[in-house]
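Next up is a structure, given as structure tokens.
The values are calculated or read from the model by the stated rules, or taken from the named source; none is laboratory data. Here the structure is a predicted model, which means the values were calculated and not measured. Here the Cβ is made from the backbone with ideal geometry for all residues, glycine too, and neighbour counts use every protein chain on show. Just so you know, the surface numbers come from the protein's heavy atoms only, side chains and all, with ligands and any DNA or RNA stripped out. Shrake-Rupley method; radii C 1.70, N 1.55, O 1.52, S 1.80 Å.
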Amino acid sequence: AGFYGGFGHRPGVGIRPPPVPPRPPAAVTPEAEVGHAAQICVSGCTHSNVGPIVRGDYNIAGSNHNKPAYKKEQKVSGLDVMLYYWDDRDGVAFCGWWFGPKIGGDQVWAYQPTRTTATPPQSGWKVPYDGPVDLSLCVTAKAGSTSTAAMQAAVRQLDAQARSQQIAEMKKAAEEQKRKLEEARVKAEENRKRLEEANKKRIEDEKRRLEESKKKAEEQKSAFAIRQAFQKMKLATLENFDKIHEEVAKVMQQELEKCGSLQSIIQAEHDKGWEQVKLRMEQLQAAKQKLQEQKKLAKERAEAFIQELEGAVASAEAAASVLKEAVDSLIEAEKEKLKPDQVNDMIFSIDTATQEANDAYQVCTQLMRKNDAMKGTDPDLKDLREQNSRLMQRMAACSMMKDTAIKSSTSIKTEALKKAKAKVQLDKDLALFSKYDSNKDGLLEKKEISALAKKEYTFTMPDSALSSILKALAEDGAKGVKREKFHSLKIQIGIARERAKDLQRRKRREAHEKEIENVKDGLRTQVEEVSQRVKEAEESVAKVEEEGRPLHAKGKDMKAVQMQSFADEIDVQLKAVKELVENIKKDLAKVKEVDSEVAAWLLNEVRPVEMRHSKLEPRLTMLSTACSRFRDTMKSKDRAELLQLEQLATDLLRQHLKRNSLRSDELCSTLCDLEDGQATSEASFLKFFETAKDPGTNGENGEEIALNEEELKRLFKHWDEESEGSVSRETLLSHIRKLMKVVKTAALTDGLSIKDSKSIRRLSEGEVVEALAVEEKDEDADLLRLKVKAMSDGAEGWVSVSGNQGTIFLKDGGHLFKVVKETILTESFALDGQSAKEATRRLRDEPRKLKTNELVQVRSWMKKEEKSGLMRMKCRAISDGAIGWATVVGNA
């Protein structure tokens, strides 16, 4: 682990390094080298595995391929770390400087490909050997070790030692080789005799095999000739079948007798194949006949398609011609003065012809889409394809004629209808002129114009307007307006009528504007009133901010009760200011409920007030947030103070137990004066603490216990978890009793003295016990002993708190549990029955779940719920004080 290469570890200088990908010859560049040094240092190398291996100090360890080799001073995982040079005897790809566990080994860690340096290069090392160049790896000579003579002497000494060792190894190897040669000679003689016998037998077998092979080859040759001929017949067509069949019969007659042992096989193959060939020929004949029938059917379908298409194209051409003639008729008729009804009749004819032409052409295109009779390349259908092409050309020409006619008809229809309507209107104007020209002099005089305006346009013309019209339209010296200027006369009458209407509209507008101005004055007054209320609200918010700034700093020196009172005061003020701000918001909304005519003006008037009002809500929100944080701090402080009071009260209760040698349940009986000894009243609670306090009483941590009446009443209210004016015996017991946890297996005995007592059972590690008395010393064993009750089964007895060698058996704990899996608190112990159902119904509304890692305090120790088989415990959540029954251990 941690080494790179992974190629095994084989000794021998001749073993090559691991193969690397071939690389082109690099350009020769001068490399910085360490020089002739007896000691070098390797530093850097960012690779997480190779770096710790190669970094360190190295000493000269001889030479390899005429260049120095170095060895690291410390081994790594039991292996040496060598730096050496390998020449190109195994190829250029293996030439260069290497880091590895041995010279020439298969396992390597880093590589530098240069061949030009006489000593190791300082940089340019690839880490690992086939990876990128690590610029941080640096090889340097150690100070004072660069003497060439010293290094050469060290190299010569190491080489001499290596040569001596090598000569001894070679001598030993020569003796071993001589022994092996003698053994090999004996074995070779034995093998020679066996080989001569085997060779003689092999020659005889070979001769016999050759004869059999020659005969078999001749049989196979004849069989191959028959099979080859028959294979040609399998591939024959109807046209060449007879010729090939004759060839097969001739080959069978010539070669079948020469097949020898294969004759029966070949004959069977021939008979079987002949049946297959006959079946194939029959199938080919049937397919040929079917193909001819299909071609005939395709031709008939193609002819039917061409005939149907030709009829459809002829119909389309006829419809297009009818359309063109209808359009041409309208063009000619446009020159005449036609009535609108006549023009509409001609337009209807054009639209009908257009629809018929489109429908006829659509039939042609649908035929072409469904056409599959003309597909393929059958030469028999060539004439029909050419006929189909000519019909398609006719379709294109027909489409062009149809589209051109439709395009030209669009503008022509509009223009013709417009002219016809204009003629009708002109005739109406002439008739109207004649109607009011009472003296039939061809002029409309002032009186006649007035009658025209009154009867036709319900407008009484003023004299000034009549005079202006006559002046503008009547010719010099004429009494009235001529027929030719009748259209202009109607326009002038319309202008005069609109002027009169404008005058009326202006009067109404001026009156309305006066009304709007009165409305604005009333709205200004309302806006000013709301602005004054906003000012009052700003002053109120500023006052609350001043009194509540800063809440956090003020709460540092307060107790929780004082913080509660202060927070309530701030909340009252906040509520009043919020109501004021909300009422202002409603008043602003009512002010803005106006007509759209003044809405834009009012928006500008109200905007400054709204902007001032909008700044109040964020300020109130910040105050509410600060107050909420203040209350959170108050709750935390309240919990801390209550925990401190609980600890002081618990210390006082336990001191009372110790002084009077009482058990926890006995003290509870003394305190509980309600519900048959199941609860204590506030009076009994206060009286006990008043009489039980002993001057100089200290708690477990050495501090003096001091609780005044106010603190005791506060603690009583906190312990009154059901808000019934009493503290339950169960709550008292949970605070009085002292639970301890077994940290090492210990014996539970029936007496104080270990020597004179008997063992009841062994207390297991992790078990919880209740201390029933104070610690007492076993003089004989010199041990502190404690009388306890096991919470798991109620067994009572004595146990050692610690051993005389310092071993701890019991320590405080066991009253807190951590939730390891989410579960639900229930009000009742039982999981069924009426009470459980009511509790479950209430939990459905807002269940209290114990979250993972939440801490709970034991109230009633765990016991088994018989019907479900679950171990359940009554507990109190540390986070919020919620109390209920929770499942501790499931039944799985």
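About the Cα centre of the chain, how large is the charge dipole given +1 on each Lys and Arg Cβ and -1 on each Asp and Glu Cβ? Please answer in debye to the nearest 20.
The calculation lands at about 3280 debye.
Right, something else. Determine Rg/Rh for region 161-217; Rg is computed over alpha-carbon atoms and Rh is the Kirkwood hydrodynamic estimate from the same atoms. Display every interim value, and only then the final one.
Details: Rg = 23.2 Å, Rh = 15.3 Å.
Expressed as Rg/Rh, it is 1.52.
With a 1.4 Å probe and every protein chain kept in, tell me what percent of the accessible surface of region 385-460 is carbon plus sulfur.
Carbon plus sulfur share of accessible area: 59 percent.
Moving on. For Glu246 and Glu721, calculate 0.36 nm times their separation in residues minus their Cα-Cα distance, and state this gained length in nm to one decimal. Before the final figure, lay out each step's value.
Values: separation 475, 0.36 × 475 = 171.00 nm, distance 11.77 nm.
159.2 nm is the gain from fully extending Glu246 to Glu721.
Towards the positive end of the charge dipole of the chain, with charges on Cβ (+1 Lys, Arg; -1 Asp, Glu), say which of Ile760, Gln647, Gly522 has the farthest Cα.
The Cα lying farthest towards the positive end belongs to Gly522.
With a sphere of radius 14 Å drawn around the Cβ of Glu211, what net charge do the other residues whose Cβ falls strictly inside it have (Lys, Arg +1; Asp, Glu -1)?
Details: positive: Lys207, Arg208, Arg209, Lys214, Lys215, Lys216; negative: Glu204, Asp205, Glu206, Glu212, Glu218, Glu219.
Cβ neighbours under 14 Å give a net charge of 0.
Testing the spin-label approximation: label points 7 Å from Cα along Cα→Cβ at Val519 and Ser48. State their distance in nm.
7.9 nm
Please give the peptides 421-432, 508-519, 777-788 ranked by average Cβ packing (other Cβ atoms within 10 Å per residue), highest first, as a rough proxy for protection. Please list the in-between numbers first.
Details: 421-432: 12.1, 508-519: 10.5, 777-788: 16.2.
Peptide ranking by packing, descending: 777-788, 421-432, 508-519.
Which residues in region 179-193 place their backbone N less than 12 Å from a point set 7 Å from the Cα of Glu206 along the Cα-to-Cβ direction?
What the label zone holds, given the 12 Å backbone N cut-off, is no residue at all.
For the chain, build the charge dipole from Cβ charges (+1 Lys, Arg; -1 Asp, Glu) around the Cα centre, then report which of Ala249, Leu284, Ala320 sits farthest towards its positive end.
Ala249
No solvent, one uniform scatterer per C-alpha: report log10 I(q)/I(0) for region 31-77 via the Debye equation at q = 0.14, 0.24, 0.26 1/Å, two decimals.
Log10 of I(q)/I(0), two decimals: -0.39, -0.97, -1.05.
By average Cβ neighbour count within 10 Å, what is the ranking of 178-184, 437-443 from highest down?
Averaged packing, sorted descending, gives the order 437-443, 178-184.
Over 32 Å between C-alpha atoms is what I'm after, so list which of Lys214/Lys234; Lys250/Lys295; Lys744/Lys849; Lys216/Lys250 land there.
Among Lys214/Lys234; Lys250/Lys295; Lys744/Lys849; Lys216/Lys250, the Cα-Cα distance tops 32 Å for Lys250/Lys295; Lys744/Lys849.
Quick one: which of Lys454/Lys501; Lys423/Lys485; Lys507/Lys592 span more than 20 angstrom between C-alpha atoms?
Values: Lys454/Lys501 15 Å; Lys423/Lys485 16 Å; Lys507/Lys592 28 Å.
Lys507/Lys592, as the Cα separations exceed 20 Å there.
Please tell me which of these pairs span more than 20 angstrom C-alpha to C-alpha: Lys447/Lys471; Lys75/Lys172; Lys324/Lys419; Lys556/Lys615? It would help to have the intermediate numbers written out before the result.
On the way: Lys447/Lys471 15 Å; Lys75/Lys172 29 Å; Lys324/Lys419 22 Å; Lys556/Lys615 30 Å.
The pairs that break the limit, which is 20 Å between Cα atoms, are Lys75/Lys172; Lys324/Lys419; Lys556/Lys615.
What percentages make up the Cα-Cα pair-distance distribution of the chain when the bins are 20 Å wide from 0?
Over the chain, the share of Cα pairs per 20 Å bin runs 8, 12, 10, 17, 23, 20, 9, 1, 0 percent.
Same structure again: Projected onto the charge dipole of the chain (+1 at Lys/Arg Cβ, -1 at Asp/Glu Cβ, origin at the Cα centre), which of Val54, His36, Val127 gives the Cα projection farthest towards the positive end?
His36
Counting Lys and Arg as +1 and Asp and Glu as -1, what is the net charge of the other residues whose Cβ lies under 12 Å from the Cβ of Glu730?
Value of the local net charge: +1.
Roughly speaking, what is the stretch gain from Glu675 to Leu603, that is 0.36 nm per residue apart minus the C-alpha to C-alpha distance, in nm to one decimal?
Details: separation 72, 0.36 × 72 = 25.92 nm, distance 7.10 nm.
Once the chain is fully extended between Glu675 and Leu603, it gains 18.8 nm.
What accessible area per residue, rounded to a whole number of Å², is obtained for region 494-615 using a probe radius of 1.4 Å?
Result: 68 Å² per residue.
Output the direction-averaged projected area (hull surface divided by four) of the convex hull of the alpha-carbon atoms of region 233-326, in nm².
8.6 nm²
Relative to the present Cα-Cα distance, how much length would full extension add between Glu528 and Asn708 at 0.36 nm per residue of separation?
59.0 nm
So if I restrict to the alpha-carbon atoms in region 463-515, what is the Rg, and what is Dmax, the biggest pairwise distance, in Å?
Cα radius of gyration and Dmax of region 463-515 are 15.6, 52 Å respectively.
Can I ask one more? Given region 263-371, report the % of alpha carbon pairs whose separation exceeds 21 Å.
Above the 21 Å cut-off, region 263-371 has 65 percent of its Cα pairs.
Then there's this: Excluding residues on the same chain fewer than 8 positions from Lys738, give the aspartates and glutamates whose Cα lies under 15 Å from its Cα.
Glu646, Asp651, Asp665, Glu666, Glu700, Glu730, Glu767, Glu770, Glu775, Glu796, Asp812
Can you give the calculated 222 nm mean residue ellipticity of the chain, where each DSSP H run of n ≥ 4 adds -39,500 (n - 2.57) and the sum is split over every residue, rounded to the nearest 500 deg cm²/dmol?
For the chain, the value works out to -20000 deg cm²/dmol.
Heavy atoms only, probe 1.4 Å: what % of the accessible area of region 853-892 goes to carbon and sulfur, would you let me know?
Its accessible area is 52 percent carbon and sulfur atoms.
Are there DSSP H segments in the chain that both extend 20 Å or more along their axis (alpha-carbon positions) and score a mean Kyte-Doolittle hydropathy of at least -1.0? List them, or say none.
241-255, 263-333, 340-369, 382-436, 560-591, 596-614, 616-660
Still on this structure: Once you have the alpha carbon radius of gyration of region 77-116, what is it after dividing by 2.2 N^0.38 Å, with N set to its residue count?
Output field value: 1.14.
In debye to the nearest 20, how big a dipole does region 539-617 give about its Cα centre with +1 on each Lys and Arg Cβ and -1 on each Asp and Glu Cβ?
320 debye
For region 536-628, what is one quarter of the convex hull surface built on the Cα atoms, given in nm²?
Result: 6.3 nm².
If the cut-off is a Cα-Cα distance under 18 Å, which aspartates and glutamates reach Lys585, setting aside same-chain residues fewer than 8 apart in sequence?
Qualifying aspartates and glutamates at Cα under 18 Å: Glu528, Glu529, Glu536, Glu538, Glu539, Glu593, Glu605, Glu610, Glu617.
While we're here: Which of rounded, prolate or oblate describes region 491-593 when judged by the alpha-carbon gyration tensor and an a/c cut-off of 1.5?
prolate
7 Å from Cα along Cα→Cβ at both Ala640 and Thr852: what's the point-to-point distance in nm?
3.1 nm
With each label point set 7 Å from Cα along the Cα-Cβ vector, what nm distance links Asp793 and Thr458?
Result for the modelled spin labels: 11.3 nm.
Oh, and also: What dipole magnitude, in Debye to the nearest 20, does region 717-796 give about its Cα centre under +1 on Lys/Arg Cβ and -1 on Asp/Glu Cβ?
That gives region 717-796 a dipole magnitude of about 220 debye.
Let me ask another. Once R0 is set to 56 Å, what does the formula 1/(1 + (r/R0)^6) return for the Cβ-Cβ distance between Asp88 and Lys193, expressed as a FRET efficiency to the nearest 0.05?
On the way: r = 48 Å, r/R0 = 0.87.
Approximately 0.70, to the nearest 0.05.
Hey, another quick one. Using packing as a proxy for protection, rank 117-124, 591-598 so that the peptide with the highest average count of other Cβ atoms within 10 Å comes first.
In descending order of packing, they fall as 117-124, 591-598.
Cut-off under 17 Å on the C-alpha distance; same-chain residues fewer than 8 positions from Lys299 excluded. Which aspartates and glutamates are left, in chain and number order?
Output for Lys299: Glu308, Glu310, Asp372, Asp378, Asp380, Asp383, Glu386.
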